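Right, one structure below, let's go through it.
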Amino acid sequence: VIDYLQGKERVHIIGPDTDLTLSIAGRTFINSDGRHNMPSGEIFTGPVEDSAEGYVHFSFPAVIRGREVEDVRLWFEKGKVVRATAGKGEAFLLKMLDTDEGARYLGEFAIGTNTGITRFTRNILFDEKIGGTFHLAVGAGYPETGSRNQSSIHWDMICDLRQGGEIYVDDVLIYKDGKFVLEF
C-alpha cells in the first residue's frame, strides 16, 4: 500500500458527517510493520500542513492525558482547525487545540490495518490500529514523513469506516467500508 501511495498528491475521505481533503504531495508513508510502536498495524504520513479542507466527525472518544472527549467534530480551512465541537469535554478539546500554534494543524493521517484489533479499548496504542479505521492527529508530526508541524501535543482521533466510508487517493477509490479495494 505504501508503495502505491508514493508520489500521490491528494486524499479525500468521505464518511458519516465527514468530507475531508488533504495533501500528501511530497510526503512519505511509513508502514508500522512490527518493528516499533507495538502492537503494529497502520500506515501513516504527515499531511501538508496547510492542506486540510472540510470536516470530520470522529466515531470513538478522543482520549489523551487520562481525559476522554466524546463526539468530536473538527472543521478545517487551509489546514487549520477553525471550529471544534464535542458532545462531552468540549472545553477540554478547545483548551488542547489552543495549546500552541501547531495544535490546530494535522501532524498525522493514518489508516489502521490490524484486523486482529476489532474493538475500541481506550488504549491508543491499540485503538489507532483497528482495521477498518483511519485516524488523524492534531499537533506534532513525524519528521521522517516530511511533516514540519511542531506542537507540544500529538492527539490521535479515530474514525470508523467499517459501516460506511470511502478514501480516494488522486480521485481513485482505494478504501471502502473499512477495506482496501485495490489489489496491491
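Each residue in the stretch 1-58 was checked for being in a loop (DSSP other than H, G, I, E, B) and either open to solvent by 10 Å² or more (accessible area, probe 1.4 Å) or over 23 Å from LYS78 (Cα atoms) (or both), and 25 of them qualify. I want to confirm something. Restricting to the stretch 167-184 and keeping residues that are in contact with a helix residue (DSSP H, G or I) (Cβ under 9 Å, 6 or more places away or on another chain) and loosely packed, with under 14 Cβ neighbours inside 10 Å, which single residue is nearest to GLU42 (Cα to Cα)? This residue is PHE184.
Output the residues belonging to the stretch 59-71 that are open to solvent by less than 10 Å² (accessible area, probe 1.4 Å) and closer than 14 Å to THR133 by Cβ. Result: ALA62, single match.
Just checking, how many residues over the stretch 117-160 are open to solvent by 50 Å² or more (accessible area, probe 1.4 Å), in a loop (DSSP other than H, G, I, E, B) and over 21 Å from ALA52 (Cα atoms)?
Here the count works out to 5.
Condition check for ALA84 on (1) open to solvent by less than 60 Å² (accessible area, probe 1.4 Å); (2) in a strand (DSSP E or B); (3) within 28 Å of VAL181 (Cα to Cα): one failure, at (3).
Given the structure, is GLY164 over 14 Å from the mean Cα position of the chain (by Cα) and either without any contact (Cβ under 8 Å) to a residue 12 or more places away in the chain or open to solvent by 50 Å² or more (accessible area, probe 1.4 Å) (or both)? No: the conditions fail for GLY164.
Among the residues of the stretch 94-116, those that are assigned to a helix (DSSP H, G or I) and open to solvent by less than 20 Å² (accessible area, probe 1.4 Å) comprise MET96, LEU97, GLY102, ALA103. Within the stretch 96-107, residues that are under 17 Å from GLU53 (Cα atoms) and of a type in the set (Lys, Arg) sit with their Cβ atoms under 9 Å from residues that are assigned to a loop (DSSP other than H, G, I, E, B) and open to solvent by 50 Å² or more (accessible area, probe 1.4 Å), at 6+ positions apart or across chains, in these pairs: ARG104/ASP98.
The values are calculated or read from the model by the stated rules, or taken from the named source; none is laboratory data. Values in this document were obtained by computation on a predicted structure and should not be read as measured data. In this analysis, Cβ positions are derived from the backbone assuming ideal geometry, glycine residues included, and neighbour counts consider all displayed protein chains. Ligands, DNA and RNA are excluded from the accessible area calculation, which covers all protein heavy atoms including side chains. Shrake-Rupley method; radii C 1.70, N 1.55, O 1.52, S 1.80 Å.
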